[in-house]
Amino acid sequence: MVMGDIMTARVVTVEMDDRLEVVKEIFDTMRFHHLLVVDEHKKLSGVVSDRDLLRALSPYVAAQPRPNGISPLSTSGYIRS
């Protein structure tokens, strides 16, 4: 088995200047947990997760302790403390 056998072939992207409400709607309707973020040339700039969006929309989420001693490294990864 190779990645092509298990990957999602239908790619949905968001742009750097898309409003958070639009991104939330995509997460809710498509039931995705991650979206690729592209620049104005459609070049990959990063990845945003539903948790990233939730933290941006609710200041209380970022203040909550993470389970199992996991702390944020950046918006795209975590390190175990």
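The values are calculated or read from the model by the stated rules, or taken from the named source; none is laboratory data. Just so you know, these numbers come straight off a predicted model, no measurement behind them. A quick note on method: Cβ atoms are made from the backbone with ideal geometry, for glycine too, and the neighbour counts reach across all protein chains shown.
Worth a mention:
- Pairs with Cβ under 8 Å, 6+ apart, first in the range 17-31 and more than 14 Å from Arg51 (Cα to Cα), second at pLDDT below 95 and not aromatic (Phe, Trp, Tyr): Met30/Val12
- Listed here are the strands (runs of 3 or more DSSP E) enclosed by the range 8-81 that have at least 1 residues being at pLDDT below 90: 70-74, 77-80.
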